[in-house]
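Take a look at the structure below.
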Amino acid sequence: MTLSFFDQFMSPTFMGIPLMALALSLPWILYPAPSTRWLNNRFLALQSWFINRFTQQLLLPLNIGGHKWAALLASLMIFLITLNMLGLLPYTFTPTTQLSLNLGLAVPLWLATVIIGLRNQPTHALGHLLPEGTPGPLIPVLIIIETISLFIRPLALGVRLTANLTAGHLLIQLIATAAFVLLPLMPTVAMLTSVVLVLLTLLEVAVAMIQAYVFVLLLTLYLQENV
């Protein structure tokens, strides 16, 4: 019974063929293609409004040099939100509960921000490793600490997204199992547990959206330091 709780996080396969690529490509199929018509349907109008508002929020702390990342960051935001929301449906697989996928997204994007900083302003980028006014004896220690914190950033991005989604899915499954088991024994307690389950599901919807936003927001802050 304990092991079955973690079966939902296993990568799906069909006849020995991994379906991870199919799970990652499904969100792009659900969204309509942009149209050249003057008047679009409500869904396209809502999608365009959301993308424009989100892009404006992303570009607020960035200078002109970072605006070229707007399309990439907005696409990543929509992609992560869609994966997280689809994972809340019954009998579905959430790719963002896999640490390997999240690190595969976090490490290249973080590395790109670091390379941009070293290429455009190497002195300023290396200056982050040593705060101004540091006493002489603390210089080697602080350089080591700042270097470690720099390399921990992509790991923190991936682990944060994985841990939050995994914990939420496990908690939903545990409470759903408890409600199912208590239904024939204590119906009143089972109904109260079901109410808690509904509230927790609503909370997980918010967590799915917030964690995708935090992932992209932190990448934006890393980019801001290097452009």
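The values are calculated or read from the model by the stated rules, or taken from the named source; none is laboratory data. All figures in this text were calculated on a predicted structure; none of them were measured in a lab. No Cβ is skipped: glycine too gets one built from the backbone with ideal geometry, and neighbour counts run over all protein chains shown. Surface areas here come from the heavy atoms of the whole protein model, side chains and all, with no ligands, DNA or RNA. Shrake-Rupley method; radii C 1.70, N 1.55, O 1.52, S 1.80 Å.
Heavy-atom accessible area of Tyr31 with all protein chains present, probe 1.4 Å, nearest 10 Å²?
Here the accessible area works out near 70 Å².
Angle check, please: helix 187-226 long axis (alpha carbons) against the longest principal axis of the chain (alpha carbons), in degrees 0 to 90, nearest 10.
20 degrees
Step through the residues of the stretch 101-108 one at a time and calculate ³J(HN,Hα) from phi using the Karplus curve (6.51 cos²θ - 1.76 cosθ + 1.60, θ = phi - 60°), rounding each to whole Hz and writing x for Gly and Pro.
Coupling constants for the stretch 101-108: 5, 5, 5, x, 7, 6, 5, x Hz.
Can you tell me the FRET efficiency between Phe50 and Leu185 if r is taken as the Cβ-Cβ distance and R0 is 35 Å, rounded to the nearest 0.05?
After rounding, the FRET efficiency stands at 0.20.
By how many degrees, 0 to 90 and rounded to 10, does the Cα axis of helix 70-86 deviate from the longest principal axis of the chain?
20 degrees
Assuming a ≥ b ≥ c are the square roots of the Cα gyration tensor eigenvalues, decide whether the stretch 16-64 counts as rounded (a/c under 1.5), prolate (otherwise, with a/b larger than b/c) or oblate.
Oblate, because a/c is 1.5 or more while a/b does not exceed b/c.
Sorted by accessible area (1.4 Å probe), largest first, how do Trp38, Trp110, Trp49 line up?
Trp38, Trp49, Trp110
Please give the solvent-accessible surface of Trp28 in Å², to the nearest 10, using a probe radius of 1.4 Å with every protein chain present.
Around 130 Å² of this residue is reachable by solvent.
What is the calculated FRET efficiency for Ile115 to Leu22, with r their C-beta to C-beta distance and R₀ = 41 Å, to the nearest 0.05?
Given R0 = 41 Å and the Cβ-Cβ separation, E is 0.80.
What order do Phe180, Phe79 take when sorted by accessible area (1.4 Å probe), most exposed first?
Sorted descending by solvent-accessible area, the residues read Phe180, Phe79.
Relative to the first principal axis of the alpha-carbon coordinates of the chain, what is the inclination of helix 20-30, with its axis defined by its Cα atoms, in degrees from 0 to 90 and to the nearest 10?
90 degrees
At a probe size of 1.4 Å, how large is the accessible area of His169, to the nearest 10 Å²?
Taking all protein chains as shown, His169 has close to 20 Å².
Using a 1.4 angstrom probe on the protein heavy atoms only, could you order Ile29, Ile172, Ile115 from most to least accessible area?
Ile29, Ile115, Ile172
Only one of the values [x] 18.0; [y] 20.5; [z] 18.5 was calculated from this structure for Kirkwood radius over Cα pairs in Å; name its label.
[y]
Rounded to the nearest 500 deg cm²/dmol, what is the calculated helix-only ellipticity per residue at 222 nm for the chain, with -39500 (n - 2.57) per DSSP H run of length n ≥ 4?
Helices in the chain give a 222 nm mean residue ellipticity of -24500 deg cm²/dmol.
What number, in percent, do you get for the relative contact order of the chain if the mean sequence gap of Cα pairs under 8 Å and at least 6 apart is divided by its residue count?
Result for the chain is 28 percent.
In whole Hz, what ³J(HN,Hα) sequence does the stretch 135-141 give by Karplus (6.51, -1.76, 1.60; θ = phi - 60°), x for Gly and Pro?
Each residue of the stretch 135-141 in turn: x, x, x, 8, 4, x, 5 Hz.
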